[in-house]
Amino acid sequence: MNSLIKKRSILLIFCCLLLVLVVFSARLMAIENEKGDALEWSADFEQGRAANVHLRKDGAIGFSIPSEPGGDEYLWFFFRVAMKNQQRAEFVLENAAGAHQTGKRWKITKPFASTDGRNWIRTTGISYAKESGLGNLLSPPVFRFQSPVSADTLWVAYFQPYTISDLESFLSGIEKYPGVVISILGRSEENRDIPLLRIANPEPAEGAEKQTIWVVCREHPGETPASFVCEGMIRALLDHPAGKRLRSAFSFAIVPMLNVDGVAHGYYYHNARGVNLARDWVDFKSAEVRALRAALLENGRMDTPRLMLNLHSSNDPGKGHFFLIIPSDRLKPEDAEFQRTILEAGDRNHPQLQGHSTVKLLDLPSITGNALYRQYDLYSIYLESNYSRGADGSLVTVESLRAVGAALVQTLAEVLTPE
C-alpha cells in the first residue's frame, strides 16, 4: 500500500512538473512572438541599407550590413525601425568586424539617429567589443550604440544621409544665381542622370577663356560627409569674397555626385556593376567614369582644366580631415611646390583641417589622380573628410563640414589668386 501511494505521489509530482514546463514553454513562445511582433523595419528608400534587423534576447536591436556588388567592402547602413513600445533603443551591428573600417575606427564612430528622417543627432553609448559569455569567446567583436532619443519609429544611419533628393533640393536653391548652369554630365549604368554644375563669373571679360577647376564628389557613394564639404565649397564660391575672387580668374565644373546608382542603392564603395569608380581609369568599365573622362576631354583635348579636387571621406582615428597627396618625387617641381603651398594654407584655414600630416596616394595607375596626372598632366588633390573627428579632436558636424568646404575655397584663393 505504501509503495502504491509512493508511486502515485511520484507520478503526481512528475505531472505537475510537466505541466509547469508546458506552461513555461508556452510563455517563452508567447514572449518570443511578442518580440517578433514588436519590431518592424525597412531600408526600402533612397540610400537605405541593412539586413537581418531583429530584436535580440538582450532587448537590443541587432542588424547586419549586407554585401554589395564588387567586393566585401561594406560600411554604410541606413534603415528605419518601428517598435510597439517607445524606448531608447540600443543597436548592435553584428558583422562590424568584417567592415571596411574596423578596430580602433569603430571606437570613434558615432552613428546618427532621427525621429523623423530629417533631423539627425549623434548616438551615444558606443562600444566595440566581444559579447559577454563563454559561448562568445571565439566570436568577433560587435559594435553597439544607443539612440539618445525615444520614439515609436527611429531612423539610424552610419552618418547623416545625403541622397539624390537632397542634392536635387540643394541645386534647385542655387540654380538662379548669376553664372550658375546646371546640366547633365552623362548617365549612369542604370540610366540615372549624373548632375554637372558649372559656375563662372557672370561678367567675364570679353574674349577671355579661363581655365577650369574641377571638383568631383561621391566616387564612393557611402562617403556622405564629402557632400556637405562640397555644399560648403559651392556656397563659398557664390557668396564669399574669396570665392568671387577665384571666379574672376577660373571657371568651376563640379560633379557633386558621380556614383548616383551607388547612392540610390545604399552601397558604400561601388557602383551598380560592382566597379570602384576611384580606380577605373585604366579599364574604364563604368559608364560614370567614361562620362567624366569625356567631359574633361572636351573637343578631344584636356587643355582647359587647371586642377581637380576629389572629395572623399575616411574614419581614420589618428587624423581629422586630411589630404591625400601625390609624393613629391612623382611630381614636376612646380607642381610639388604648388602642392606644398596648398597644404600649408589648408592647415591654417580651419582647425579641423589637417595639412601637416598627409597620406600618400597609392602608386596605382588606375586611381583617378594618378591617371589624370600621368596621362593628361592634370594635378589632383584629395580631401578625406573624417566622419567623426577633426584635426583638433573636435566632433565633426554637418555645419563644420560645410565650413571646411568654405576653407578649401579660401585656401585656393590664397594660393591661386593672391591679393
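The values are calculated or read from the model by the stated rules, or taken from the named source; none is laboratory data. Every value quoted in this text rests on a predicted model; they were computed, and no experiment measured them. No Cβ is skipped: glycine too gets one built from the backbone with ideal geometry, and neighbour counts run over all protein chains shown.
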Item to check | Hits in the stretch 155-180 (condition: surrounded by 12 or more Cβ atoms within 10 Å (Cβ to Cβ), of a type outside the set (F, W, Y) and not in a helix (DSSP H, G or I)) | outcome: V156, A157, Q160, P161, T163, I174, G179, V180
Item to check | Residues satisfying the stated conditions in the stretch 295-340, i.e. of a type in the set (D, E) and touching a residue at least 40 places away in the same chain (Cβ under 8 Å) | outcome: D316, D335
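Please determine, by comparing only the residues of the stretch 43-102 that are among the hydroxyl-bearing types (S, T, Y) and within 12 Å of Y268 (Cβ to Cβ), which one is farthest from the chain's Cα centre (by Cα).
Selected residue: S67.
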Item to check | Hits in the stretch 75-108 (condition: within 18 Å of D44 (Cβ to Cβ) and not in a strand (DSSP E or B)) | outcome: W76, F77
Checklist entry - For the stretch 136-154, what are the residues that are among the hydrophobic types (A, V, I, L, M, F, W, C) and in a strand (DSSP E or B)? => result V142, F143, F145, A151, L154
Item to check | Unique residue being over 24 Å from F159 (Cβ atoms) and of a type outside the set (V, I, T) when the list is R330, R389 | outcome: R330
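This table checks each residue for (1) acidic (D, E); (2) at pLDDT below 90; (3) surrounded by fewer than 16 Cβ atoms within 10 Å (Cβ to Cβ).
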{"site": "F78", "(1), (2), (3)": "no, no, no"}
{"site": "M83", "(1), (2), (3)": "no, yes, no"}
{"site": "Q86", "(1), (2), (3)": "no, yes, yes"}
{"site": "N95", "(1), (2), (3)": "no, no, no"}
{"site": "W106", "(1), (2), (3)": "no, no, no"}
{"site": "T109", "(1), (2), (3)": "no, no, no"}
{"site": "F112", "(1), (2), (3)": "no, no, no"}
Next on the checklist: Please list, ordered by residue number, the strands (runs of 3 or more DSSP E) wholly in the stretch 247-350 having 3 or more residues that are assigned by TED's automatic domain parsing to the domain that holds L408 and among the aliphatic types (A, V, I, L, M).
Outcome noted: 250-255, 305-314
Checklist entry - If you take the residues in the stretch 378-419 that are touching a residue at least 40 places away in the same chain (Cβ under 8 Å) and among the acidic types (D, E), which one is surrounded by the most Cβ atoms within 10 Å (Cβ to Cβ)? => result E384
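In the stretch 189-207, is there at least one residue being buried (at least 16 other Cβ atoms within 10 Å of the Cβ) and in a helix (DSSP H, G or I)?
no
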